[in-house]
Amino acid sequence: MSSQEFRHIVRILGSDSAGTLKTSYAVQSVRGVSLSLGNAILKKAGINPDLRAGFLTDAEIAKIEDIIKDP
């Protein structure tokens, strides 16, 4: 596991998601994002979809939000 702090709640574009979810499922908490679109967003952002959402950094969350806003 990473040495960074684990967050139990992750906020992506105003939607709360559990930090224990895999990132591919946590991205789905945003309205209009399906599993396949979420995986495409994570691939474009260069983020491992099997990573737990609680370990995402603020920079990674910002990158995900930017891609969702302008896919």
Criterion first (under 9 Å from the mean Cα position of the chain (by Cα) and open to solvent by less than 100 Å² (accessible area, probe 1.4 Å)) does Thr57 satisfy it?
no
Counting only residues that are touching a residue at least 24 places away in the same chain (Cβ under 8 Å), open to solvent by 50 Å² or more (accessible area, probe 1.4 Å) and of a type in the set (A, V, I, L, M, F, W, C), which one in segment 4-21 is nearest to Ile68 (Cα to Cα)?
Leu13
Checklist (1) modelled with pLDDT under 90; (2) surrounded by 15 or more Cβ atoms within 10 Å (Cβ to Cβ) applied to Pro71, failing item:
(2)
Number of the condition not met by Lys44 [criteria: (1) in contact with a Leu (Cβ under 9 Å, 6 or more places away or on another chain); (2) of a type in the set (D, E, K, R); (3) within 15 Å of Lys69 (Cα to Cα)]
(1)
Give segment 23-43 a look and list any residue that's among the basic types (Lys, Arg) and modelled with pLDDT under 95, or say none.
Arg31
Which numbered condition Val33 fails, given (1) under 19 Å from Pro71 (Cβ atoms); (2) part of a helix (DSSP H, G or I):
(2)
I'm trying to understand the selection: among the residues of segment 22-50, which are in contact with a Ser or Thr (Cβ under 8 Å, 6 or more places away or on another chain), aliphatic (A, V, I, L, M) and open to solvent by 50 Å² or more (accessible area, probe 1.4 Å)?
Leu35
Residue count for segment 31-48, restricted to those that are in contact (Cβ under 8 Å) with a residue 24 or more places away in the chain and farther than 14 Å from Lys63 by Cβ
2
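The values are calculated or read from the model by the stated rules, or taken from the named source; none is laboratory data. Note that the structure is a prediction, hence the values are computed from the model and not measured. Cβ: placed from backbone, ideal geometry, glycine included. Neighbour counts: every protein chain shown. For the accessible areas, the whole protein counts, side chains as well, though only heavy atoms, and no ligand, DNA or RNA atoms are used. Shrake-Rupley method; radii C 1.70, N 1.55, O 1.52, S 1.80 Å.
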